[in-house]
Ligand SMILES: [Zn+2]
């Protein structure tokens, strides 16, 4: 599944890597640390503090062969899950 993110700080959008629904909703892709990579910003080596869930919200998702959407969630349900911690 390839997500499209909106940076709430700059208004820019960027596509994320093709990862599983679980990775983006509950795994490493569920917070700004890994979503920042889609915008060419890295968390920085050696930092262990989570960036939290403030900046990069999902606004669209594209299903792919690597989807692994085992629970057969709808696009709306995936987006809701991806943004659950973002207060949007
Ligand atoms: Zn994090």
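The values are calculated or read from the model by the stated rules, or taken from the named source; none is laboratory data. Remember, it's a predicted structure, so these values are computed and weren't measured experimentally. Here the Cβ positions follow ideal geometry from the backbone for every residue, glycine too, while neighbour counts run over all protein chains shown.
The table for this structure:
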| read-out | value |
| --- | --- |
| Residue match in the range 5-15 (condition: touching a residue at least 24 places away in the same chain (Cβ under 8 Å) and part of a helix (DSSP H, G or I)) | no |
| Residue list for the range 26-49, restricted to those being at pLDDT 90 or above, assigned to a loop (DSSP other than H, G, I, E, B) and either surrounded by 10 or more Cβ atoms within 10 Å (Cβ to Cβ) or within 11 Å of the ligand (Cβ to nearest atom) (or both) | 26, 27, 31 |
